[in-house]
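All of the numbers you see were taken from the coordinates with simple rules; none came from a lab. These numbers come from a predicted model, not from an experiment. When we count neighbours, we look across all protein chains shown, and the Cβ atoms used for this are built from the backbone with ideal geometry, even at glycine.
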Amino acid sequence: QLSEGRVTDHQWILFQKANCRRHSNPNEAIGFYNELIKSFPNSKWTTAANSRLKMTEWSQLNQIRDLAENETDDTNNG
């Protein structure tokens, strides 16, 4: 069992690991945000993790939409 200070450190580390991967590996970032939110629902980092999670998911959806639109444009112009 982790002491209170080590639990807080663990929460912060999860949050930072997710932040570091938001752009390079969004799926992994989403996993870390979800782990923080589910494992530590009362953490001071949970609100921020929820916001970052939503932003990361939104960004992924926009990238997928953009790819689909580009694919459609390529098909129509080809």
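If you add up the charges near Leu14, with Lys and Arg at +1 and Asp and Glu at -1, over every other residue whose beta carbon is less than 15 angstrom from its beta carbon, what do you get?
With Lys, Arg at +1 and Asp, Glu at -1, the neighbours total +4.
Here are labelled values, (1) 1.30; (2) 1.46; (3) 1.21, and one is the computed Cα Rg over 2.2 N^0.38 Å for what I pasted. Which one?
So the calculated entry is the one marked (2).
Calculate, for Gln60 and Ser39, the FRET efficiency according to 1/(1 + (r/R0)^6) with r their C-beta to C-beta distance and R0 30 Å; round to the nearest 0.05.
My answer for the efficiency is 0.85.
With axes computed from alpha carbons, what is the tilt in degrees of helix 26-39 against the longest principal axis of the chain, rounded to the nearest 10 within 0 to 90?
Long axis of 26-39 versus the principal axis of the chain: about 30 degrees.
Show me 57-67, 37-47 ranked by packing, highest mean number of other Cβ atoms within 10 Å first.
Numbers: 57-67: 11.1, 37-47: 13.5.
Put in order of decreasing packing, that is 37-47, 57-67.
Excluding Trp58 itself, calculate the net charge of residues whose Cβ lies under 11 Å from the Cβ of Trp58, where each Lys or Arg counts +1 and each Asp or Glu counts -1. Numbers along the way, then the final one.
Values: positive: Arg52, Lys54, Arg65; negative: Glu57.
Result for the neighbourhood of Trp58: +2.
Within a Cβ distance under 14 Å of Tyr33, other residues only, what is the Lys/Arg minus Asp/Glu net charge?
Result for the neighbourhood of Tyr33: +3.
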